[in-house]
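Notes follow once the structure below has been shown.
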Amino acid sequence: MARQARKRRAKVKATEHVLSISELGWHGDGVAEVDGKKVYVPFTLAGESVRAAVSGSRAVLLEILQAAPERVEPACPHFSRCGGCAVQHLATTSYTHWKRQIIVTALANRHVEASVAPLVDAHGAGRRRVTLHVRYEDGQILAGFMQAGSHKLIDLDQCPILAPELSGVTTIARDLARALGNNLKPLDIQLTATETGLDCAMRGGIELDLDARMDLSDCANDHDLARLTLDGELVLERRAPILTFGAAKLALPPGGFLQATKMGEEILSGLVLEAVGKANKVADLYCGVGPFALRLAQNSSVVAIDSDSAAIAALKNAADHTPGQKPVVTEIRDLAKNPLYEGELISFDVVVFDPPRAGAEAQVLEIVEAKVKTVVAVSCNPATFAHDASILTEGGYVLEMVIPVDQFRYAGHVEMVGVFKRKSSSL
């Protein structure tokens, strides 16, 4: 059935239209209407008149007939071809209003009342992590991002949203691919800036022979990489990739999840710590490698839970080697399938959760039953955040505040922190 649906979509012929863009959608595409149905036009802005080729609900911009006053010159020459950014063409004031409004609209759609603070800029020095696609085409090694809405790889020389430590990543990626020699297949190469250098995690289903392993090691040495792994297997570690969370030093596991920017992590952690205050016992759910837990442990006993065993091992090791902290108890557990239940939650003063984009519905239902006094929710998905918020507010909580945090500059993603308090009449 799915294959037949794809074939039907492929047969839809594009037709040219002059469109009036009514609004900027959640993902950064302009929204127009054709025959009473919404059509999404990338790289357009509200109030613009454009000529576009429309196919189903998607369109390709052909010409801007009348530009919006908010349109500005993009920061990157690759913008509109590279699929990494959606709204480099939007002026700063309008951009910040649009990002905040995404959260306002999501909450309104779920009938959740809350005060949404102004957008906090957390771009800082830029993204500290990037995943590049690497392909071998026509005798050349290409490294970059996929073109917007397609599988065509855009070969890049630079990316203005990356932190300075990642300025040479495309060169590093090409050199690593070249070192594989005859083993070269389509690769994804993730590079992360840490305090001790770049951590590189390659993925591509490649089996290394001795020569390729040696060539990769030489390449890692040439570029002073801290660590190099391929499909999770260690190729070379010259230094452990270290990050500091509060008083703790953590060795990042290969491919471990991090907030997009260093400033973003620090701002989100600061907001969480402020909301938690001097609570005695805190649950940090979906904790990852522990950017919240390791900071919370300066004042509170923490139980940190996540399904990622490597992340939990790194967190436990960091906690065990940080003197002067309150206890941090760790557990490997899939909270979507096996949430903490009411009886397990009642001992906590505060629950913090930062789930994947799918949200934390199963866990939130248990939090409501346990009547935890304070809940701090962190999310990168306004729709699932609003869904979880509606469960909490219908279950006796007040959403006291929502703080939008923008560490995904020029993208449709926005992070947020929400603080929920149990109504006194619901205790």
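In segment 164-173, how many are surrounded by fewer than 19 Cβ atoms within 10 Å (Cβ to Cβ) and either closer than 23 Å to Asp215 by Cβ or in contact with a helix residue (DSSP H, G or I) (Cβ under 9 Å, 6 or more places away or on another chain) (or both)?
So the answer is 2.
Restricting the search to segment 21-54, which residues are small (Gly, Ala, Ser) and surrounded by fewer than 17 Cβ atoms within 10 Å (Cβ to Cβ)?
Hits for segment 21-54 are Ser22, Gly36, Ser49, Ala53.
Being touching a helix residue (DSSP H, G or I) at 6+ places or on another chain (Cβ under 8 Å), closer than 24 Å to Leu24 by Cα and outside any loop (DSSP other than H, G, I, E, B), is that true of even one residue in segment 360-380?
Among the residues of segment 360-380, at least one is touching a helix residue (DSSP H, G or I) at 6+ places or on another chain (Cβ under 8 Å), closer than 24 Å to Leu24 by Cα and outside any loop (DSSP other than H, G, I, E, B), which makes the answer yes.
When you check Val419 against the structure, is it touching a Leu at 6+ places or on another chain (Cβ under 8 Å), surrounded by 18 or more Cβ atoms within 10 Å (Cβ to Cβ), closer than 22 Å to Ala163 by Cβ and assigned by TED's automatic domain parsing to the domain that holds Val272, yes or no?
In short, no.
Taking into account only those residues within segment 282-324 that are within 16 Å of Leu243 (Cβ to Cβ) and of a type in the set (S, T, N, Q), which is surrounded by the fewest Cβ atoms within 10 Å (Cβ to Cβ)?
That would be Asn317.
Within segment 70-102, restricting attention to residues that are touching a helix residue (DSSP H, G or I) at 6+ places or on another chain (Cβ under 9 Å) and free of Cβ contacts under 8 Å to residues at least 60 places away in the same chain, which residue is farthest from Ala32 (Cα to Cα)?
The extreme case among them is Val72.
Which members of segment 259-281 meet the condition of being farther than 20 Å from Ile242 by Cα, crowded, with 16+ Cβ neighbours inside 10 Å and among the small types (Gly, Ala, Ser)?
Residues satisfying the conditions are Ala275, Ala279.
Can you find even one residue in segment 164-184 that is assigned to a strand (DSSP E or B) and either β-branched (Val, Ile, Thr) or over 30 Å from Val60 (Cα atoms) (or both)?
There is no residue in segment 164-184 that is assigned to a strand (DSSP E or B) and either β-branched (Val, Ile, Thr) or over 30 Å from Val60 (Cα atoms) (or both).
If I ask for residues that are part of a loop (DSSP other than H, G, I, E, B), among the hydrophobic types (A, V, I, L, M, F, W, C) and free of Cβ contacts under 8 Å to residues at least 60 places away in the same chain, which ones from segment 320-359 would you list?
Within segment 320-359, Leu335, Ala336, Leu340, Ile346, Ala358 meet the criteria.
Please enumerate the residues belonging to segment 275-285 that are touching a helix residue (DSSP H, G or I) at 6+ places or on another chain (Cβ under 9 Å) and assigned to a strand (DSSP E or B).
If the condition is that a residue be touching a helix residue (DSSP H, G or I) at 6+ places or on another chain (Cβ under 9 Å) and assigned to a strand (DSSP E or B), then Val282, Ala283, Asp284, Leu285 are the ones that fit.
Please indicate, with yes or no, whether at least one residue in segment 109-126 is under 20 Å from Arg203 (Cα atoms) and either buried (at least 18 other Cβ atoms within 10 Å of the Cβ) or within 17 Å of the chain's Cα centre (by Cα) (or both).
Within segment 109-126, not a single residue is under 20 Å from Arg203 (Cα atoms) and either buried (at least 18 other Cβ atoms within 10 Å of the Cβ) or within 17 Å of the chain's Cα centre (by Cα) (or both).
I'd like to know if segment 327-344 contains one or more residues that are touching a Pro at 6+ places or on another chain (Cβ under 9 Å) and under 20 Å from Trp26 (Cα atoms).
Within segment 327-344, not a single residue is touching a Pro at 6+ places or on another chain (Cβ under 9 Å) and under 20 Å from Trp26 (Cα atoms).
Take the conditions part of a helix (DSSP H, G or I), modelled with pLDDT of 95 or more and in contact with a strand residue (DSSP E or B) (Cβ under 6 Å, 6 or more places away or on another chain) and apply them to Lys316. Does it pass?
When the stated conditions are applied, Lys316 passes them.
Taking Leu228 as the residue in question, decide whether it is aliphatic (A, V, I, L, M), buried (at least 16 other Cβ atoms within 10 Å of the Cβ) and closer than 25 Å to Arg357 by Cβ.
no
How many of the residues in segment 202-231 are within 30 Å of Ala297 (Cα to Cα) and of a type outside the set (Lys, Arg)?
Counting residues in segment 202-231 that are within 30 Å of Ala297 (Cα to Cα) and of a type outside the set (Lys, Arg) gives 1.
Hey, any hits in segment 353-361 for a residue that's modelled with pLDDT of 95 or more, within 22 Å of the chain's Cα centre (by Cα) and hydrophobic (A, V, I, L, M, F, W, C)?
Taking every residue of segment 353-361 in turn, at least one turns out to be modelled with pLDDT of 95 or more, within 22 Å of the chain's Cα centre (by Cα) and hydrophobic (A, V, I, L, M, F, W, C).
How many of the residues in segment 286-304 are in contact with a helix residue (DSSP H, G or I) (Cβ under 8 Å, 6 or more places away or on another chain) and under 12 Å from Val352 (Cβ atoms)?
Here the count works out to 11.
The values are calculated or read from the model by the stated rules, or taken from the named source; none is laboratory data. What you see is a predicted model, and the numbers here were worked out from it, not measured in a lab. Positions of Cβ are generated from backbone atoms using ideal geometry, with glycine treated the same way; all protein chains shown enter the neighbour counts.
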